[in-house]
Amino acid sequence: MSKIVTLANHQNDALFVLIKSLTKSEKRQFNLYVGRLEGNVDAKFFSLFKFLEKLKVYDEKVIINSGIVTKQQLSNLKAHLYKQILISLRLNPAHKNIRIQIREQLDFATVLYQKGLYKQSLKLLDKAKNLALENEEKNIAYEIVELEKVIETQYITRSLSNRADLLSIQAKTLSQQNVIASKLSNLSLQLYSYLLQNGYVKNNKELEFIKNYFYSKLPKYDFETFGFREKLWLYKSHLWFSFLCQDFLHSYKYARKWVDLFKEDKKYISLHPVFYLKGKNYLLEASFFVQKRATFKKELASFEEEVEQKIIPINTNTELLIFEYLYANKLHLHFLEATFSEGEYLVEIINNKIENYGNRLDNHYIVMLYYKIACLYFGMGKNELCIAYLQKIIKSKNLGSAEDLQCFARVLNLIAHYECGLDYDLERQFVDTYKFLLKMENLQEVQKVFLTSIRDLSDVFPHEIKNEFKKIHTKLKKYEEHPYEKRAFLYLDILSWLESKIQNKPIAIIIKEKIKNKLKQ
């Protein structure tokens, strides 16, 4: 039996989490940074750093008892240490991205301006502005132009007679582009927030509300004037809108546009690796939802190749995202092809990585991976292991945005208990599941029909059970293409399970037969 990792007990202390996130090279850099001035090595903040570095669990009593710092001094010393670590990280070449480089040049130009060295300042600003524009950093570019305008009022250059006009036009253009980008990013963020808080639309009223909201907030724009940044926020807004509406074909369309935007100019992959990774994940997710198996396999293979060839820059942030997205989609591939047993090797890898990443992983992603592992075991017919992983989700607290998964985990838990023949526990499981779904106000028709039907099975004679399964299947089949109910079948393939009971075949065989039939059509 594979080791089951418990949900991480996250430490809430920001300084402790920051120190634990440091790589060996970053710790070495900090040691060098501290040692640059005499006296720092013996300073209290460095002693606190070395003590916290060795500490496994954050405990203020242990820190105070160490004698490094008094209780009254601890808060200030921690704040100072936090700041020094951030300065050290900023100086680390590994963190010198384009934005930091441009910001650094802007800071240098400001210093030169304050010293009255206007010509030198303008020369540096022009260089920084061109770098910002080349890399679509238009907010910083606007700041630079505004400073150029300030300097021009004090130092009139003779090289260009229309210098003032050029700067005014440039400032206006950048301002307009920034306003459009801001409106689109606001819209994208609001849609994403709505999805987290309310889930997908569940009826016509909610659909109408989202449509009105989206089109009323979508700014008027000229696509021909858009650069990379504006296009990215436009595609993201459409993606969240289509996901909310459960229009997964349009989700695929805009995820495809999102990824292709990076392929048009690959320098943006290294400049914005997080956005690229998210785009790849949404493309895979949408391909999975619309059952585009060939596309899914191609994109997953491409993703793995890009990771292996280090096309996607690796840092502590991207490392986590690559793990989350790559292994979730590796599991998805086995779901698409019904090769559940072949995917079991992933369980140990995922558990080990969850353990290694510790408190750097968000609970939501851990829960999501546990649910997928539970589905993998259910597909294999290993229902005890399926239940073991589901219990880790059901018993976890404060999951927030993972409520949706909680609902499906409880329904699958009920089915797995039935499969195990745990009839003595089935009534309690049913009551607990029904109460939870009512409390979440998330009871879909599919879940309602299924729960009522499976509860009634306890009163059916064994020779009548197959007919009862057929009746349940007939009731649920009509929801398979329902605009608001079909999503339930993406999370949990109840129909294939019922067909496996009716035909007395493993669920993996049922799904493989469906795949073959679709290929023949």
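What follows draws every value from the coordinates through simple rules; no lab data is involved. Here the structure is a predicted model, which is why all the values come from computation and not from measurement. No Cβ is skipped: glycine too gets one built from the backbone with ideal geometry, and neighbour counts run over all protein chains shown.
Computed extension gain for GLN114 through GLN73, at 0.36 nm per residue and net of the alpha carbon distance, reaches 11.1 nm. Each residue in GLU104, GLU499 was given a count of other beta-carbon atoms within 10 angstrom of its own, and listing them fewest first yields GLU104, GLU499. Here is the tail figure for segment 14-95: Cα pairs spaced more than 17 Å apart come to 43 percent of all pairs.
Set the Förster distance to 22 Å, then compute FRET efficiency between GLU146 and VAL274 from the Cβ-Cβ distance, nearest 0.05.
0.20
When restricted to Cα atoms, segment 99-237 yields an Rg and a Dmax of 19.9, 66 Å, respectively.
Working ranking of peptides 345-355, 359-369, 214-224 by packing, defined as the average number of other Cβ atoms within 10 Å per residue, highest first, is 359-369, 345-355, 214-224.
Computed from the C-beta positions of LYS512 and ALA301, the FRET efficiency with R₀ = 22 Å rounds to 0.55. Put simply, the C-alpha atoms of segment 332-407 give a gyration tensor, and the ellipsoid matching it has half-axes of 21, 15, 11 Å, longest first. For segment 100-175, the set of chymotrypsin sites (Phe, Trp or Tyr not before Pro) satisfying both a DSSP loop assignment and a count of at most 16 other C-beta atoms within 10 Å is given as TYR155.
Label sites at LYS466 and ALA164, each approximated as a point 7 angstrom past Cα along Cα to Cβ, lie 9.2 nm apart. Annotation for TYR215 and SER193: the two label points, set 7 Å from Cα along the Cα-Cβ direction, are 2.4 nm apart. For segment 195-207, putting each phi into the Karplus relation 6.51 cos²θ - 1.76 cosθ + 1.60 with θ = phi - 60° gives couplings of 4, 5, 7, 10, x, 6, 4, 10, 7, 5, 4, 5, 4 Hz, in residue order, rounded to whole numbers and with x for Gly and Pro.
FRET efficiency for LEU91 and ASP260, Cβ-Cβ distance as r, R0 = 30 Å, nearest 0.05?
On the way: r = 36 Å, r/R0 = 1.21.
That gives a FRET efficiency of 0.25.
Model label sites at ALA43 and ASN204, defined 7 Å from Cα along the beta-carbon direction, differ in position by 6.8 nm. For segment 98-159, the alpha-carbon radius of gyration amounts to 1.03 times the rule-of-thumb value 2.2 N^0.38 Å expected for a compact globular protein. Pairs over the 32 Å Cα-Cα cut-off, from the set LYS20/LYS138; LYS24/LYS123; LYS353/LYS518; LYS217/LYS253: LYS20/LYS138; LYS24/LYS123; LYS353/LYS518. Please state, to two decimals, what the Cα-based radius of gyration of the chain comes to when divided by 2.2 N^0.38 Å (N = residues). In units of the globular-protein estimate, the chain measures up at 1.18.
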